[in-house]
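The values are calculated or read from the model by the stated rules, or taken from the named source; none is laboratory data. No experiment lies behind these values; they were computed from the predicted model shown. All Cβ positions, even for glycine, are placed from backbone atoms using ideal geometry, and neighbour counts span all protein chains on display.
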Amino acid sequence: MSKIYLLNDQKFEGIENLEVFEIEYLKFNLDLNKYNALVFTSKNAIFSLEENNINWKNIPSYLIAPKTADIAKKFKANIAFIGSSGHGNDFANELIPHLKDKKVLYIRALKTVSNLTNILIENGVDIDEIVAYKTSCNKKSIEILEKNSTIIFTSPSSVECFFQKYSWDDSFKAISIGRTTALYLPENIKCEISSITSVEECIKLAIKN
């Protein structure tokens, strides 16, 4: 079987990790007393709250997808809603009826690709946001990638950082975890988009190919 490279640090048998970016959890203090809803679009937002010893678990949490919710469950969070789309803008529209008359905090990355906050504000949701973590390309040495390999792109950051290090070979196949990530790929690269926003689904698709 041709080699499959996964552009993050999740471990799967027979899959090679190609870590091209790193997550930095930022330092902050946070008073959550005025909020009665927390919005998460990434597991890294959860990890950042934990790193900063923020007491967040009793506040109802609204999570973009089941995989993010699984992490919240491990911390025994108060889960109020789990999105089904897995995409930021679609998630925002899912949230609108649930967040009316609530004071909301969105725990987010420094760089985001969706308009979640603006969509909610435009629909009358009272929302604040805090930047809890940031993604940056790492300095790890470049590997020689095998021809005919499949590259799994798991976020826009993985696209940006991959192409800072590597040139695309025409023998490669590309798989994207979602529509937004696919938009960041160069126009000349055709990719398959996972039907579900999940690394596991991307791997199934890669193995099938």
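When restricted to residues that are surrounded by fewer than 21 Cβ atoms within 10 Å (Cβ to Cβ) and outside any helix (DSSP H, G or I), region 139-173 contains 19. Can you find, within region 181-205, the residue that is surrounded by the most Cβ atoms within 10 Å (Cβ to Cβ) among those that are of a type in the set (S, T, Y) and more than 13 Å from the chain's Cα centre (by Cα)? Within region 181-205, the match that is surrounded by the most Cβ atoms within 10 Å (Cβ to Cβ) is S194.
Residues are listed down the side, and each one gets a yes or a no for (1) outside any loop (DSSP other than H, G, I, E, B); (2) modelled with pLDDT of 95 or more; (3) surrounded by fewer than 16 Cβ atoms within 10 Å (Cβ to Cβ); (4) touching a helix residue (DSSP H, G or I) at 6+ places or on another chain (Cβ under 8 Å):
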position: E19; (1), (2), (3), (4): no, no, yes, no
position: L32; (1), (2), (3), (4): no, yes, yes, no
position: A45; (1), (2), (3), (4): yes, yes, no, no
position: S48; (1), (2), (3), (4): yes, yes, no, no
position: I54; (1), (2), (3), (4): no, yes, no, no
position: A72; (1), (2), (3), (4): yes, yes, no, yes
position: Y106; (1), (2), (3), (4): yes, yes, no, yes
position: K111; (1), (2), (3), (4): no, no, yes, yes
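For T68, the conditions (1) in a helix (DSSP H, G or I); (2) modelled with pLDDT of 95 or more; (3) over 19 Å from S136 (Cα atoms); (4) among the hydroxyl-bearing types (S, T, Y) are fulfilled apart from (2). Of note, P97 does not satisfy the criterion of being under 22 Å from D31 (Cα atoms), outside the structural domain of T180 (by TED's automatic domain parsing) and at pLDDT 95 or above.
Each row is one residue, and each column tells you yes or no for (1) under 27 Å from Y62 (Cα atoms); (2) over 14 Å from the mean Cα position of the chain (by Cα).
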{"residue": "N115", "(1), (2)": "yes, yes"}
{"residue": "I119", "(1), (2)": "yes, yes"}
{"residue": "S149", "(1), (2)": "no, yes"}
{"residue": "F162", "(1), (2)": "no, yes"}
{"residue": "S167", "(1), (2)": "no, yes"}
{"residue": "R179", "(1), (2)": "yes, no"}
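Being over 19 Å from L183 (Cα atoms) and of a type in the set (V, I, T) is a property that I142 has. Inclusion of N58 among residues that are touching a residue at least 12 places away in the same chain (Cβ under 8 Å) and assigned to a helix (DSSP H, G or I) is not warranted. Within region 178-197, take every residue that is hydrophobic (A, V, I, L, M, F, W, C) and in a loop (DSSP other than H, G, I, E, B) and give me the one that is nearest to F91 (Cα to Cα). So, considering only residues that are hydrophobic (A, V, I, L, M, F, W, C) and in a loop (DSSP other than H, G, I, E, B), the one nearest to F91 (Cα to Cα) is I196.
If only one of S176, S157 is within 15 Å of L6 (Cβ to Cβ), touching a strand residue (DSSP E or B) at 6+ places or on another chain (Cβ under 7 Å), at pLDDT below 95 and polar (S, T, N, Q), which one is it? Matching residue, one of S176, S157: S157.
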